[in-house]
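Report on the structure given below.
The values are calculated or read from the model by the stated rules, or taken from the named source; none is laboratory data. Just so it is clear, the model here is predicted, and its values are computed rather than measured. Using ideal geometry, Cβ is built from the backbone for each residue, glycine included, and neighbour counts are taken over all protein chains shown. Calculation scope for accessible area: heavy atoms of the full protein, side chains included, ligands and nucleic acids excluded. Shrake-Rupley method; radii C 1.70, N 1.55, O 1.52, S 1.80 Å.
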Amino acid sequence: MELAYIPSPSHGVVHLGPIPLRGYAFCIIIGVFVAVWLGNKRWIARGGRPGTVADIAVWAVPFGLVGGRLYHVITDYELYFSDGRDWVDAFKVWQGGLGIWGAIALGAVGAWIGCRRRGIPLPAWADALAPGIVFAQAIGRWGNWFNQELYGKATDVPWALHITSSTDGRVPGYYHPTFLYESLWCIGVGFLVIWADRRFKLGHGRAFALYVAAYCVGRGWIEYMRVDDAHHILGLRLNDWTAMVVFVLAVTYIVVSARLRPGREEVVEPDGDTPDGDAVALDKDADSKADDKADDKADDEADETTDKKSDGKKPDAKTDTESDEPAQSKEPVESPEAEELEESEESEESGSSVEAARGEAESAKKV
């Protein structure tokens with residue numbers, strides 16, 4: 001008899017009247033909320049707007065659930081399509097069976113659709129959500145505990161998992177709690193990604209790739225401990241091969257991306273907030289106010305310069321007053337006596353000119 005062990009729940013579902021409340025489903029739902037909550041905080045810190053992560057998650061989560069279920073059904077098709085099995089069970093997600101590889105792959109397709117609709121880069125969104133995703137995995141693994149599934153080899157360690165169910169080929173006994181190992185590993189990966197992102201300013205999808213690579217390392221050795229039925233290739237379980245391939249792809253992406261696009265995106269969302277929080281936002285407001293004051297001062301100086309130049313060209317006040325009067329008022333006004341004098345002078349000049357002309361004509365005749 002084991003003196004210390006982890007007990008398994010006697011039931012994975014509690015009925016609230018006609019409504020079944022399943023532990024597996026609750027773990028998935030709680031994990032999704034944690035991922036969106038943490039992803040939203042990180043997205044805002046990167047300069048994005050609140051609510052963007054949740055809006056894109058509306059696309060990513062359903063796609064991820066479908067992808068996870070498809071991967072499980074395809075890789076374990078004999079559980080649903082072999083003799084004596086009911087293919088309808090393939091749609092009963094609440095009974096367990098979600099492959100993380102399919103969930104991430106098809107979830108990325110849904111996220112890409114959501115990001116494209118919002119006009120934001122998918123790698124930046126994935127970087128913000130990466131720690132939240134792996135924390136969600138840590139919570140979701142406890143759904144396997146409710147279903148008494150995905151445990152490891154028999155053991156007598158003090159933290160052994162006590163399996164009591166005998167359905168679907170289970171043998172009651174004490175086994176390695178591989179669900180717990182993976183849950184703890186995921187928590188460690190989440191904190192690793194957060195630290196590395198702060199330390200190295202990871203961008204362009206490299207934080208997400210780090211999460212994938214680190215998760216694959218843990219999944220490899222944990223998968224090796226499991227005893228549930230699985231397809232084997234060259235003596236290794238299929239998920240071990242998948243973990244190795246995905247690990248190589250993730251590391252390759254980190255190396256190539258760091259060379260082609262070093263640093264981090266400066267803008268992750270159009271019309272987003274400042275990436276460094278309220279302090280930077282206040283500094284930005286102060287800078288804009290200082291710029292406005294400088295512009296106003298420059299405008300005032302320009303106005304003063306223009307006024308001085310115009311003052312040097314202006315006539316005095318008297319001229320300004322006269323210039324306002326009609327043009328005819330500027331001509332001198334002559335009295336009637338002066339007009340008569342001018343007329344008499346003109347008549348005298350004309351008479352003298354006539355007499356001179358007559359004298360010249362007479363002189364010409366004499367000649």
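Could you give P(r) for the range 39-107, binned at 5 Å from zero, as whole percent values over all Cα-Cα pairs?
4, 17, 19, 16, 14, 10, 8, 6, 4, 2, 1
Over the range 45-86, with every protein chain in place, what whole percent of the accessible area is carbon and sulfur at 1.4 Å, could you tell me?
67
Explain nothing, just the number: dipole magnitude of the range 1-101 about its Cα centre with +1 on each Lys and Arg Cβ and -1 on each Asp and Glu Cβ, in debye rounded to the nearest 20.
So the magnitude is around 680 debye.
Plugging the Kirkwood radius over Cα pairs into Stokes-Einstein for the range 119-219, at a temperature of 20 °C and a viscosity of 1.002 mPa s, what D comes out in µm²/s?
My calculation gives 143 µm²/s for D.
Once the dipole of the range 168-239 is set up with Lys and Arg at +1 and Asp and Glu at -1 on Cβ about the Cα centre, which of A213, P172, W195 lies farthest towards its positive end?
W195
Name the shape class, rounded, prolate or oblate, that the alpha-carbon gyration tensor gives for the range 79-169, where a ≥ b ≥ c are the square roots of its eigenvalues, rounded holds for a/c under 1.5, and otherwise prolate holds if a/b is larger than b/c and oblate otherwise. Can you show the working numbers first?
Details: a/c = 3.86, a/b = 1.62, b/c = 2.38.
Oblate, because a/c is 1.5 or more while a/b does not exceed b/c.
Tell me the Kirkwood radius of the range 1-156: reciprocal of the mean inverse pair distance over distinct alpha-carbon atoms, in Å.
17.2
If you put +1 on each Lys and Arg Cβ and -1 on each Asp and Glu Cβ, how big is the dipole of the range 35-88 around its Cα centre, in Debye rounded to 20?
It comes to approximately 620 debye.
In Å, what Rg and Dmax follow from the Cα atoms of the range 2-78?
Values for the range 2-78 (Cα only, Rg and Dmax): 17.7, 53 Å.
Excluding ligands, DNA and RNA, what is the solvent-accessible area per residue of the range 94-174 at a probe of 1.4 Å, expressed in Å²?
Result: 42 Å² of accessible area for each residue.
Would you mind working out the accessible area per residue for the range 1-66, using a 1.4 Å probe, and quoting it in Å²?
Values: 3900 Å² over 66 residues.
Heavy-atom accessible area per residue stands at 59 Å².
Quick one: P(r) of the range 166-259 from all Cα-Cα pairs, 5 Å bins, percents rounded to integers, in order of increasing distance.
Taking all Cα pairs of the range 166-259, the binned fractions are 2, 12, 19, 19, 17, 12, 8, 5, 3, 2, 0 percent.
As an exercise, take the mean of 1/r over every pair of distinct alpha carbons in the range 1-47, invert it, and state the Kirkwood radius in angstroms. Present the calculation step by step, with values, prior to reporting the outcome.
Details: mean 1/r = 0.0719 Å⁻¹.
That comes to 13.9 Å for the range 1-47.
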